[in-house]
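The values are calculated or read from the model by the stated rules, or taken from the named source; none is laboratory data. Nothing here was measured: the structure is a model prediction, and the numbers come from that model. Glycine also receives a Cβ, built like all others from the backbone with ideal geometry; neighbour counts cover every protein chain displayed.
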Amino acid sequence: MRALIVVAHPDPESLTHRVAAELARGVAENHSVEIADLAAEGFDPRFNPDDLAAFRNVAVQPAEVLAEQARIDRADALVLVYPVYWWSFPGLLKGWVDRVFTNGWAYDQNEQGLLQRLPVHLVALAGAGPRTYDKHGYSVAMHTQIEHGIFGYCGARVASSTLLTQADAGFPQGHFDTALRLGRELFSHRG
């Protein structure tokens, strides 16, 4: 089995990268893993005229989009590890989704999800604690926009969704322990 871990944080020394590394270490104990570091790879998240032409079916997808789709196609599970910015993905990750999850590959014009074979695992790192998320309904909003709005629309099953906060017991070591466990258990969520 092969996992693709997509990381969206500009600082390679960040907590986000450490969590992704621990998750990868857990996966690698029994499976293969690839880390896509969108910032280090210089992925351009801006939806551009070439993307628009492809969306309108007057051009083929840009090469960088096809490369990302091929990377996902090689994976048996997709894992997104990201900091929460304004109760959602950071712009880099949102732009990756905007450009890569295209009509004809992720969904079709009949709103049919084409990624039904792909289990998705979300690992979000948040500065605010769970009480803030509950009090303001942010968890529900994130579930609606990310799990349902993106992956549900594309037919991909969100197999796990983990919110790690600074208020969690044992921070930050608890995050690393959780990530290692998630990596070890990643393919036990299949079904």
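Evaluating residue 158 against the criteria (1) β-branched (Val, Ile, Thr); (2) in contact with a strand residue (DSSP E or B) (Cβ under 6 Å, 6 or more places away or on another chain); (3) surrounded by fewer than 17 Cβ atoms within 10 Å (Cβ to Cβ) leaves one unmet condition, (3). Out of the stretch 52-63, which residues are surrounded by 16 or more Cβ atoms within 10 Å (Cβ to Cβ) and either in a helix (DSSP H, G or I) or in contact with an Asp or Glu (Cβ under 6 Å, 6 or more places away or on another chain) (or both)? 54, 62, listed by residue number.
When the stretch 79-116 is filtered for residues that are of a type in the set (S, T, N, Q) and either assigned to a helix (DSSP H, G or I) or free of Cβ contacts under 8 Å to residues at least 24 places away in the same chain (or both), the ones remaining, listed by number, are 109, 110.
Looking at the stretch 167-178, is at least one residue of a type in the set (S, T, N, Q), surrounded by 14 or more Cβ atoms within 10 Å (Cβ to Cβ) and either in contact with a Lys or Arg (Cβ under 6 Å, 6 or more places away or on another chain) or not in a strand (DSSP E or B) (or both)?
Yes: one or more hits.
Of the residues 165, 144, 178, the single one that is farther than 19 Å from residue 86 by Cβ, β-branched (Val, Ile, Thr) and modelled with pLDDT of 90 or more is 178.
Quick grid of which residues meet (1) in a loop (DSSP other than H, G, I, E, B); (2) modelled with pLDDT under 95; (3) in contact with a Ser or Thr (Cβ under 7 Å, 6 or more places away or on another chain); (4) more than 30 Å from residue 108 (Cβ to Cβ):
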residue	(1), (2), (3), (4)
9	yes, no, yes, yes
17	no, no, no, yes
26	no, no, no, yes
41	yes, no, no, no
50	no, no, no, no
66	no, no, no, no
69	no, no, no, no
72	no, no, no, no
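All of 187, 176 fail the test of being among the aromatic types (Phe, Trp, Tyr), more than 26 Å from residue 106 (Cβ to Cβ) and over 14 Å from the mean Cα position of the chain (by Cα), apart from 176. Screening residue 125 against (1) touching a Ser or Thr at 6+ places or on another chain (Cβ under 9 Å); (2) over 22 Å from residue 48 (Cβ atoms); (3) among the aliphatic types (A, V, I, L, M); (4) assigned to a helix (DSSP H, G or I) leaves a single unmet condition, (4). Could you please let me know if residue 132 is β-branched (Val, Ile, Thr), touching a strand residue (DSSP E or B) at 6+ places or on another chain (Cβ under 9 Å), free of Cβ contacts under 8 Å to residues at least 12 places away in the same chain and more than 21 Å from residue 35 (Cα to Cα)? So residue 132 passes the test. Could you grab me the full set of residues in the stretch 135-148 that are touching a residue at least 12 places away in the same chain (Cβ under 8 Å) and of a type outside the set (A, V, I, L, M)? Selection gives 138, 139, 143, 145, 147. Residues that are modelled with pLDDT of 90 or more and more than 11 Å from residue 162 (Cα to Cα) within the stretch 119-131 comprise 119, 120, listed in sequence order. Is it fair to say residue 32 is in contact with a Lys or Arg (Cβ under 7 Å, 6 or more places away or on another chain), at pLDDT 95 or above, of a type outside the set (Val, Ile, Thr) and more than 15 Å from residue 100 (Cα to Cα)? Yes, satisfied.
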